């Protein structure tokens, strides 16, 4: 399914004071657009290539308001310039035009003006930022170094040019304002016996220098504070922003993040991780045995 981006609805700042006076005109043409959209939708469903009429009516109604709105649908393979020239759109773009009109009618009839025709959810917005931060990590030169390092708390980090796989995840989340050092420590303080410190590392206390850098601890934390997702051998079950843990063999854990870029060879989403050569973006989703699949949106959006 094509992913459609519906551009923002913009108002000329000089005409902002006139907007409320035009609400009745908006309602009139919005009803007309809605009827056209329904008819076009039925024609599309029955196989008739008539969806362009709804978009044409929408553009005509927009023009009647003397440029109050700039309504554009930008979709895969279609440029803004092409739409401005009014050229015929393929069926997916027509469907986007119908969606656009329905969103706009909903806004008008609810009696309010919104800055965007269709806004994404806070969760989607967060995941976009998170994935962007992950995709930026391979630009950094990092020497793999698993040494224990004393670091400040909160907001502490090992030197930026060193680190392990977990440090990539920590830095990705820190780039979007989430301090995993603090979040993991606070949960471990309150729920110490649910973490593997006592039997895996033979410690009976928390340690802000290393706890959040240990993959087994992150697995418990993401399972408790995030969402535990299905482990499968189907690539469609994995989405950008998902956290994946693996067993590299012999009980050696590893962690990485799914990003939005795909491998042209396998069509799998790529993984940002550090397995010894610094942060890389690679097609390794099914390279090793998957032991965990999580999604963590931070303390404010969790659950």
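The values are calculated or read from the model by the stated rules, or taken from the named source; none is laboratory data. Remember, predicted model here, so these are calculated numbers, not experimental data. In this analysis, Cβ positions are derived from the backbone assuming ideal geometry, glycine residues included, and neighbour counts consider all displayed protein chains.
Screening the candidates 215, 184 for the property of being within 24 Å of residue 132 (Cβ to Cβ), at pLDDT 95 or above, more than 17 Å from the chain's Cα centre (by Cα) and buried (at least 22 other Cβ atoms within 10 Å of the Cβ) yields one hit, 184.
Is there a residue being part of a loop (DSSP other than H, G, I, E, B) and out of contact with any strand residue (DSSP E or B) (no Cβ under 8 Å at 6 or more places or on another chain) anywhere in the stretch 277-285? No, the stretch 277-285 contains no residue that is part of a loop (DSSP other than H, G, I, E, B) and out of contact with any strand residue (DSSP E or B) (no Cβ under 8 Å at 6 or more places or on another chain).
Provide a single number: the residues in the stretch 130-147 that are assigned to a helix (DSSP H, G or I) and surrounded by fewer than 13 Cβ atoms within 10 Å (Cβ to Cβ). Residues that pass the stated criteria total 1. Restricting the stretch 259-303 to residues that are in the same structural domain as residue 226 (by TED's automatic domain parsing) and without any contact (Cβ under 8 Å) to a residue 12 or more places away in the chain, the residue that is nearest to residue 142 (Cα to Cα) is 262.
Checked against the criteria, residue 230 does not count as out of contact with any helix residue (DSSP H, G or I) (no Cβ under 9 Å at 6 or more places or on another chain) and surrounded by fewer than 14 Cβ atoms within 10 Å (Cβ to Cβ).
Which count do you get for residues in the stretch 262-278 that are buried (at least 16 other Cβ atoms within 10 Å of the Cβ) and more than 16 Å from residue 231 (Cβ to Cβ)? The number of residues fulfilling the criteria is 7.
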